[in-house]
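These notes are about the structure you will find just below.
Only the coordinates and a few stated rules stand behind these numbers; no lab work does. These numbers come from a predicted model, not from an experiment. In this analysis, Cβ positions are derived from the backbone assuming ideal geometry, glycine residues included, and neighbour counts consider all displayed protein chains.
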Amino acid sequence: MSDPPPKKRPRRAAAVLLGLGLPALAEAMLRVLNVAPPDTPLRELYYRPPPVFVREGEVLRTSVHARKYFLDQSFPAAKAPGTLRIFVAGGSVAMGFPLESIYGPAQLLKAGLDALDPGRSHEVINAGGFGYNSSRVERVAKEIAQYQPDAIIVMTGHNEFLGKRFFHEAGRAGPLYRLRLYRLLAGLISAARGEEDDVQWEGHVVNARERKLVLADFARNLGRIAEACEKSGVKLILVTCPANIQDFRPYGPSCMPREDQEKIEREMDRKDGDRESVQHKLRQRKERCPDDAVVSYEEALLVFRQEGGGLNRKGQALAANALFQRACDDDAIPVRALAASNEQVLEMAWQLRAALADPAAIFNDRRIGSLPLVDPRLFFDHCHLKQPGQELLAYEMIRVLADAGLIPAGADWRSEVRQAWKVIDSSIAKRDLAESYYRIGYESGVNMGRVFRGLDYAGRALELDPAHVKARMLMERLKPLAAGRYRMTGD
């Protein structure tokens, strides 16, 4: 084939350069404009959810779309003069699940404020979304900051690893994923497929790189929430997330088969059990799997239960607690807030001089007898709170609001608040409480795979309401799964 005429060669060269130059120019422009940054998951690049609240006449009400994740509630679109309006935003713990409509933190907060300052009107709006991570909470915070709040209470951290938000960074796309143009197109395709529209449970093993990326994104989201509040002149209150590290086994897979875990726990549960044999087995596992969360959890149980060993009971409890926390933090499928995420909340509050409620520290400072351990009696499961836990959380929120000067609180304010809560507690219908136990039973037994815990709560639901058909069906569903299994600690 003969060479092209000399005059056509520059044109072809120019076409090639133009073909290469346009994508490079587009990439440069995207970087200048900070479009499709690599620190944002694809699913969240173009996530534009419908508003949580929409106007209906003179009120703002939870939108039909949002009712899948938020409580159906309404409040005046125009805040009345003198009214104190507070939003509580975050995930299901901030929402108060499974007691959100009968004894959740927003409800307790409203009753407490009315008791402490009866001459003023108080609005406490529950803006907690079931399964919401900090990226979604950020968008909620930006929305509700427009609704004339005096304060926004943000409690987030438990749902950060709920979905495969950083699966590309975890190794599937390689260096190509860093290109803005590639991310722009891939994100548009993801949005067109509707992949970002729903909260999705995608339990998956999280590697060290993904952990680092998620925690960095968590810190950025807290910063963006703070910026939105500052821009709107709204008081921001950040809240740490307490987690049940003692009474909930690690959720992810382990190098130790379940049958071996059962053998170890059977031995520890026996009064005359061979603790030295258990210690030897755990030491062997630790050598093979030094970062295995289940091994750390079993070690914590052994330390807490052993007698002697050169530690007094307080030192023993502290040593066990450190191992329980490590088991939580090393969980291959993290379903609880990590110590690192709570530390980021503390650091962010200090940097921004934001108000801070630290229930994680308070829950961790509770005593079982005289021992400093997280009290599992405060939790339904890995993070959701029973009534005493809801009260502790609401107490801490009220304390911070008082310290910020938003509400008055005398020396005996806790007693005043407690009296108001007793009125709510005494008015709860048994059938409503039974429904809450059924829902947490389903969440624990079916969604989380903790069969024995699910059976316990289904049974409690039936005690409160023997006619609760769904609770009975749940019992029948879970009983065959529990047959022949040994109930280990934290199940």
How large is the dipole of region 258-329 about the Cα centre if only Lys and Arg carry +1 and Asp and Glu carry -1, each at its Cβ, rounded to the nearest 20 debye? 220
Compute the distance from the alpha-carbon center of region 204-257 to that of region 112-166, in whole Å. 15
For Ala467 and Glu347, FRET efficiency with R0 = 45 Å and r from the beta-carbon atoms, rounded to 0.05? 0.35
Extension length gain for Val59 and Arg220 (0.36 nm per residue less Cα distance), in nm, is 54.7 nm
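Which of Lys263/Lys286; Lys142/Lys235; Lys430/Lys470; Lys68/Lys110; Lys68/Lys430 have a Cα-Cα distance over 19 Å? List each step's numbers first, then the result.
Values: Lys263/Lys286 16 Å; Lys142/Lys235 13 Å; Lys430/Lys470 15 Å; Lys68/Lys110 24 Å; Lys68/Lys430 25 Å.
Table pairs above 19 Å Cα-Cα are Lys68/Lys110; Lys68/Lys430.
Ala80 to Arg477: extension gain in nm, 0.36 nm per residue of separation minus the Cα-Cα distance? All intermediate terms of the calculation are to be shown ahead of the outcome.
Working: separation 397, 0.36 × 397 = 142.92 nm, distance 5.04 nm.
Extra length from Ala80 to Arg477 when fully extended: 137.9 nm.
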More than 26 angstrom separation, counting every C-alpha pair in region 55-171; what % is that? 22
Please order Tyr457, Tyr103 by the number of other Cβ within 10 Å, starting at the fewest. Tyr103, Tyr457
Hey, if you drop one equal point scatterer on each alpha-carbon of region 430-482 and run the Debye formula without solvent, what base-10 log of I(q)/I(0) do you get at q = 0.23 Å⁻¹? -0.67
Spin-label pair Glu267/Lys422, simplified geometry with 7 Å Cα→Cβ offset, distance in nm: 5.1
Sites Met29 and Gln146 - FRET efficiency at Förster radius 35 Å, r taken between beta-carbons, to 0.05: 0.70
Along its three principal axes, how long is region 106-158 when you only count alpha carbons? Whole Å, largest extent first please. 37, 23, 12
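State the extension gain, in nm to one decimal, for the chain segment bounded by Val446 and Glu259, taking 0.36 nm per residue of separation less the distance between their alpha-carbons.
Working: separation 187, 0.36 × 187 = 67.32 nm, distance 2.12 nm.
Stretched out fully, the Val446 to Glu259 stretch lengthens by 65.2 nm.
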Below 11 angstrom from the Cβ of Glu391, what's the summed charge of the other residues (Lys, Arg +1; Asp, Glu -1)? +2
Report, as a whole number in µm² per second, the diffusion coefficient that Stokes-Einstein gives for region 393-443 at 10 °C and 1.306 mPa s using the Kirkwood radius over alpha carbon pairs. 121
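What Kirkwood radius, in Å to one decimal, follows from the Cα pairs of region 341-454?
On the way: mean 1/r = 0.0603 Å⁻¹.
This gives a value of 16.6 Å.
Taking other Cβ within 10 Å of each residue's Cβ, how do His122, His204, His158, His382 sort, fewest first? Could the numbers behind the result be given before it?
Numbers: His122 19, His204 15, His158 28, His382 25.
Ranked by crowding around the Cβ, least crowded first: His204, His122, His382, His158.
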Place a point 7 Å from the Cα of Gln279 along the Cα-to-Cβ direction; which residues of region 311-337 have their backbone N under 15 Å from it? 311-312, 316, 320
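Hey, could you grab the Kirkwood Rh for region 258-329? Inverse mean 1/r over distinct alpha carbon pairs, Å, one decimal. Working shown, then result.
On the way: mean 1/r = 0.0809 Å⁻¹.
For region 258-329, inverting the mean 1/r across all distinct Cα pairs yields 12.4 Å.
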